[in-house]
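This report concerns only the one structure given below.
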Amino acid sequence: MIPARLASPDPRVRETAARAVTAVVWEPEAERELASALVAAAVREDDHEALAALFDALPCVEPALDDRELDRLASLRTDSPVLSRLLERAARVQVHGPPEPDGDVTKVVVRCLRGDPRLGTALRTPGETWVRIERIDLGLKDWDVLAPCWTARLTLSGSGARDLVHGDTLDPDPGIRALGYPIRRRTAPPLHHRSDGAGHRTVQADRGVRGHDGNRPPATDHAPGDVSPNGKGTRGPSTPKTVRGVPVQLIFTD
């Protein structure tokens, strides 16, 4: 079991278990168990290579991460780009007070509920419009990122920022999750799908699609003496370059 291997005292075993997570599309129940095990292992991990493998595995179970686990990940404060993108996608802020229009932008005080919203992050408003973070003012200093439980004044661009009211929550682009579908990511197909056992499949069809296109026929799949499917004929016999291979014609005399 991968959760048990993630708790192994050997860092190489933990690293191998984390990389095994990325090779399978997990069912929701197993995904939830793996999410808890990965977060617990990442929080206590002190081996650099094993920690990098744990971060790489987190996007595979991203839909199963709850707010408490996201807060634990945000407390790590590492320079991992994978973790930074994951926390940015999970960001959520709540409006505290009325917006203040200022020319083409709008200033509004927000509280970060989870994740790490950053400069340039696009947020969706309750009115299904989009705003973008142009500035994060915390006290008398500008910041590039907003941590959970922090309250700051954001400068937002976009017409939807003027319609915000106290208590509104803003989230990043949810992508396919907004349509009600679970996110399933895979960095490498299973071994069975890399060979002829599954017909060299590289993309999985939807569950509602029946059948498949079939394998590509070989170039020699044609009638004897006929032209091959690629339009090229076979090369004729050539004269051998050795004396032994030259045909000998026998001449008989009386």
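Structure notes:
- Rounded to 0.05, the FRET efficiency of the Leu140 and Gln94 pair, given R0 = 30 Å and the Cβ-Cβ distance, is 0.85.
- Remark: His48, His96 ranked as His48, His96, counting other beta-carbon atoms within 10 Å and listing the fewest first.
- Net charge dipole size for segment 2-89 [Lys, Arg +1 and Asp, Glu -1 on Cβ; Debye, nearest 20]: 100
- In segment 2-89, Rg over Rh equals 0.92, where Rg is the alpha-carbon radius of gyration and Rh the Kirkwood radius from pairwise Cα distances.
- Spacing of the two label points (7 Å from each Cα toward its C-beta) at Asp102 and Leu76, in nm: 3.5
- Dividing the Cα radius of gyration of segment 17-60 by its Kirkwood radius returns 0.95 for Rg/Rh.
- An ellipsoid equivalent to segment 92-171, defined through the eigenvalues of its Cα gyration tensor, has semi-axes of 16, 14, 12 Å when rounded to whole angstrom and sorted largest first.
- Its Kirkwood hydrodynamic radius, worked out from the mean inverse distance over all distinct Cα pairs, puts segment 60-135 at 13.8 Å.
Values in this text are rule-based calculations from the coordinates and carry no lab data. Remember, it's a predicted structure, so these values are computed and weren't measured experimentally. Glycine gets a Cβ as well: all are built from the backbone with ideal geometry, and neighbour counts include every protein chain shown.
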